[in-house]
Amino acid sequence: MTMNDTPYVLETSGLTKRFGERTVVDGVDLHVPRGSAFGYLGPNGAGKTTLIRMLLGLTEATAGSMKVLGRPVPAQRGEALARVGAIVEEPRFHPFLSGRDNLRVVAAARGPEAHARIDGALARVGLADRADDRVKSYSLGMRQRLGVARSLLADPELLILDEPTNGLDPAGIQEFRVMIRSLVDEGRTVLLSSHLLDEVEKVVDALAIVDHGQVVWQGPIGDIRNGGERTILIHVSDVERTLSILGRHVAIASAAGDGDTVRARLHSDVEAAAAAADINRRLVEAGLSIYRLEPARASLEQRFLEITTRLGEAA
Amino acid sequence: MTTAEHRPIGLVGAELLKLRKRRGLLISTFALTVIPMIVGYLVVLLMHASDPAKHDSAGGVENFAGSVEMLALLAGVAGILVGSTLGSADLGAGVFRELVITGRSRWSLFGARIPGGLVFLVPFVLAGFAVAAGASFAFADASQATPSAASLVESAAWVVLVATTSLVLALGVSAAFSSRGTAIGILLAWQLAVAPLLLSIDALGGLREGMLAAAVERLRPAEVGAELAVPMSLGVALAVVAAWIVVPLTAGGWRTATRDA
């Protein structure tokens, strides 16, 4: 099987990492689709970096299996990582070497074709003019960009970025977002690990939410916004009568008024579209004017808190 | 245009690059190999010039033997500095994980440090040796014997051997302990204080044959040699040196290959 035959660039099954009694990554099943920006979102200490470290062969898994670009890791780690670029936590360099020499050192490990990419990578991240300065004179933002340049030496099919905007100013963060999207537009896959909801929401196509070492949700970003507690918003002429009608409707778990709007939460086992149509019909039949009826779209932040809070309560 | 600074390098070249761009290490290595030879001969020249009757001229095999002994001692220290840097620099800077991420085998990353370190260190050692050898001829008067060609070759090889064993020992120890400072401390204390002390204790008898210092002393060329503290066969000496190279390297390599990066 060639690397491009698989629809997923990353697949893990039951991936687990324990440090003594403490389970940091707990049976993670993850599927990262090819050619997407994929968010790996979770609070600090959720096990995001540990999972990435296992994928990259920096630490061994306690249990489970993983494939990177279709190849099993660690059995075929060398071949798997040949087309993977990564920044794990903050990128580190030899401070007494120039930016270019730091890239030459890594290119030496990757092979001559990686060396040929050095100038292009430096230019792409805007460091061509400072390439021959020692890294110890670089700002944090410049080091982040040099880290991206280093990861591009692999001509990566998959780019793994762990908290890449840490320490960047707003302009730097914006530049980073644009760069990530441009990489995806080139057909690469970017796995973006972050605890920053805003950062993930603005960049990714799909995501997994991780908490206490477990993936608690994964799918397209649109699904997570729509798939929370299923709530519909009804802008209506008479809120009190609407609440009275909805109180007798079998699909409604609860309803509350807010100005000229009623927020109605559906039972989890009902089909949302059919329920919304039926509610609309009954309200019209009751002589009410419906100005708007729409699903309540949760922000990623709302959904994230909803999911992680629920897990915390269950525990 | 491809300049020297932009030329592709392999793993060994990368190790060499990391060493030669460390200004402090470059100066220290020069100061431990070439400068002592220059200073040593300058002192003897001045002494001879000030009182020729009391002090022989600076050349000849006797001064050469003393210079080689001093060079071997200091080249050993230089080997410890270079080896301990090789063993821990990537890890200390956090760059080791960046190299592991490339997918390259950890053993090959570790293995490249040995030739990289030797390519850096040996030219300094040979330069120091060249100063000593040149001076032994240039400043010899008619009454002084000069080193033979065989002695020159054997002495050069012996000094390089001393530097090499120190380098690989320090590389292995610093990789095993993941600490440059710890490796330097342990090895300097061992080579400069503990080993000479143990060698002088006759009660230890044949146990001393297992010491690197005793084996290296056995391999020292006769023309620049001294009386052996621990007599042993050539085969045993070679086996002991080999063991002191292989064991620490294996320990350091294993630690590098298995540790969390």
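Only residues that are outside any helix (DSSP H, G or I), within 14 Å of chain A (Cβ to nearest Cβ) and crowded, with 20+ Cβ neighbours inside 10 Å: list them for segment B:102-153, please.
B:Thr102, B:Gly103, B:Arg104, B:Ala112
Which ones in segment A:19-63 are small (Gly, Ala, Ser), in a loop (DSSP other than H, G, I, E, B) and within 23 Å of A:Leu196 (Cβ to Cβ)?
Listed by number, the residues that qualify are A:Ser36, A:Gly42, A:Gly45, A:Ala46, A:Gly47.
Testing A:Ala63 on (1) among the aliphatic types (A, V, I, L, M); (2) surrounded by fewer than 20 Cβ atoms within 10 Å (Cβ to Cβ); (3) at the interface with chain B (Cβ under 7 Å from one of its Cβ atoms), one condition comes back false. Which one is that?
Failing condition for A:Ala63: (3).
Out of everything in segment B:39-96 that is charged (D, E, K, R) and in a helix (DSSP H, G or I), what residue ends up being nearest to the other protein chains (Cβ to nearest Cβ)?
B:Asp90
Pull out all pairs, ordered by first then second residue, where Cβ-Cβ is under 6 Å, the residues are six or more apart or on different chains, the first lies in segment B:193-215 and is closer than 17 Å to B:Glu227 by Cβ, and the second is of a type in the set (D, E, K, R).
B:Leu199/B:Arg208; B:Ala214/B:Arg208
Would you pick out the residues in segment A:112-168 that are touching a residue at least 60 places away in the same chain (Cβ under 8 Å), outside any helix (DSSP H, G or I) and surrounded by 18 or more Cβ atoms within 10 Å (Cβ to Cβ)?
A:Leu153, A:Ala154, A:Pro156, A:Glu157, A:Leu158, A:Leu159, A:Ile160, A:Leu161, A:Asp162, A:Glu163, A:Pro164 - these are the residues of segment A:112-168 that are touching a residue at least 60 places away in the same chain (Cβ under 8 Å), outside any helix (DSSP H, G or I) and surrounded by 18 or more Cβ atoms within 10 Å (Cβ to Cβ).
Output the residues belonging to segment A:245-264 that are free of Cβ contacts under 8 Å to residues at least 12 places away in the same chain and in contact with a helix residue (DSSP H, G or I) (Cβ under 7 Å, 6 or more places away or on another chain).
Selection gives nothing.
Does any residue of segment B:43-50 turn out to be under 30 Å from A:Leu103 (Cα atoms) and either modelled with pLDDT of 95 or more or out of contact with any His (no Cβ under 8 Å at 6 or more places or on another chain) (or both)?
No; the residues of segment B:43-50 include none that is under 30 Å from A:Leu103 (Cα atoms) and either modelled with pLDDT of 95 or more or out of contact with any His (no Cβ under 8 Å at 6 or more places or on another chain) (or both).
Can A:Gly99 be described as over 22 Å from B:Thr85 (Cβ atoms), crowded, with 23+ Cβ neighbours inside 10 Å and modelled with pLDDT of 95 or more?
Criteria not met by A:Gly99.
Under 6 Å between Cβ atoms, at least 6 apart or on separate chains: pull out the pairs that start in segment A:79-93 with a residue that is more than 7 Å from chain B (Cβ to nearest Cβ) and in contact (Cβ under 8 Å) with a residue 12 or more places away in the chain and end on any residue that is outside any strand (DSSP E or B) and of a type in the set (Lys, Arg).
Partner pairs satisfying both residue conditions: A:Pro91/A:Arg143.
The values are calculated or read from the model by the stated rules, or taken from the named source; none is laboratory data. Since this is a predicted model, take the numbers as computed values, not measurements. Cβ: placed from backbone, ideal geometry, glycine included. Neighbour counts: every protein chain shown.
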